[in-house]
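Following: one structure in structure tokens, then a few remarks.
The values are calculated or read from the model by the stated rules, or taken from the named source; none is laboratory data. Note that the structure is predicted; figures quoted are calculated from it, not measured. Quick reminder, even Gly has a Cβ in these numbers, built from the backbone with ideal geometry, and neighbours come from all protein chains shown. All accessible areas refer to the heavy atoms of the entire protein, side chains included, with ligands and DNA or RNA removed. Shrake-Rupley method; radii C 1.70, N 1.55, O 1.52, S 1.80 Å.
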Amino acid sequence: MAYETLIVEVENHVALIKLNRPEALNALNSVLLSELAQALKIAEKNDKVRCIVLTGSEKAFAAGADIKEMADKTFVEMFSSDFFGAECKSLLANRKPVIAAVAGYALGGGCELAMMCDFIIAADTAKFGQPEINLGVIAGMGGSQRLTRFVGKSKSMDMHLTGRFMDAEEAERSGLVSRLVPAKKLMEEAMSAAQKIAEKSLLATKAAKEAVDRSYETTLSEGLLFERRLFHSLFATEDQKEGMAAFQEKREAQFRDK
Ligand code: HXC
């Protein structure tokens, strides 16, 4: 499938989706976000794909929503179209693991897009920020909610009110990113994490993703019950039998997603 704003490759059970608007530092316009939603849907339906990696360029993961596209819009246009609401819902509906591999700028909608992924691996060149305040607006794709959950109120408030950028070290220290690697190693690290995930049972992978995501949506006791029930239900799978047999037989498990 050919895209105007993305490059997509599938290799060894991993779909690599690269944002590709170099002339605009991968600014998220409507074409890019709808193509991304489509590419993710195709990856989710493709049985060969077991993990997805989303990345940008060396200079920018994405420098935010496309300011030039938004600048002249009216409230009525933004509200009526629920600007980027459907695209975000579609990205989040994906049940396969999605890793964000971030180098360079991840600002505004770019930072929010990275946070919508399941975890973020950052190059030492990464810079995160919610600089919408400088444009007379605020975050609109989840920044005020997700960044706060990642890094806490004080740091999130600082980022949203001053518009300052957070470098990769601060992002790792604050829990926004799971791993920090030299820029040259970014794709190797992200693809190897994806490969590792691709070797697991996709049933367990999806269950783990649902359980962790639920922790953001519910009380502790409900979340614990949800996790325990999912754990119990995995005993109905062949992959559980295989995983535990392989452990006892001291060999690698061969999962079949059954
Ligand atoms: C449109 C953008 C863009 C953006 C960069 N470009 N960011 N175009 N929307 N968000 C374009 C520039 O206009 C320029 O094209 C080219 O990319 C290179 O950018 P430069 O500014 O020349 O590069 P540099 O000097 O290196 O500065 C990099 C930068 C800066 C610090 C990242 O570009 C910047 O501040 N960008 C805006 C960041 C931002 O405010 N993001 C939040 C957007 S609002 P031309 O052709 O002009 O040379 C948002 C809301 C999300 O994200 C919610 C939506 C629902």
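Values for this structure:
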read-out: Among (1) closer than 21 Å to A139 by Cα; (2) touching a residue at least 24 places away in the same chain (Cβ under 8 Å) - the single one S81 does not satisfy; value: (2)
read-out: Count of residues meeting criterion [surrounded by 16 or more Cβ atoms within 10 Å (Cβ to Cβ) and under 20 Å from M70 (Cα atoms)] in segment 134-149; value: 6
read-out: Candidate set from segment 16-60 (those that are closer than 22 Å to A126 by Cα and without any contact (Cβ under 8 Å) to a residue 40 or more places away in the chain); member that is surrounded by the most Cβ atoms within 10 Å (Cβ to Cβ); value: L32
read-out: Matching residues in segment 110-132 - criterion: being open to solvent by 30 Å² or more (accessible area, probe 1.4 Å) and more than 9 Å from the ligand (Cβ to nearest atom); value: D118, F119, D124, T125
read-out: Residue in segment 71-89 that is among the basic types (K, R), in contact with a helix residue (DSSP H, G or I) (Cβ under 9 Å, 6 or more places away or on another chain), modelled with pLDDT of 95 or more and open to solvent by 20 Å² or more (accessible area, probe 1.4 Å) present; value: no
read-out: Yes/no for V98 being of a type in the set (A, V, I, L, M, F, W, C), touching a helix residue (DSSP H, G or I) at 6+ places or on another chain (Cβ under 9 Å) and more than 10 Å from the ligand (Cβ to nearest atom); value: yes
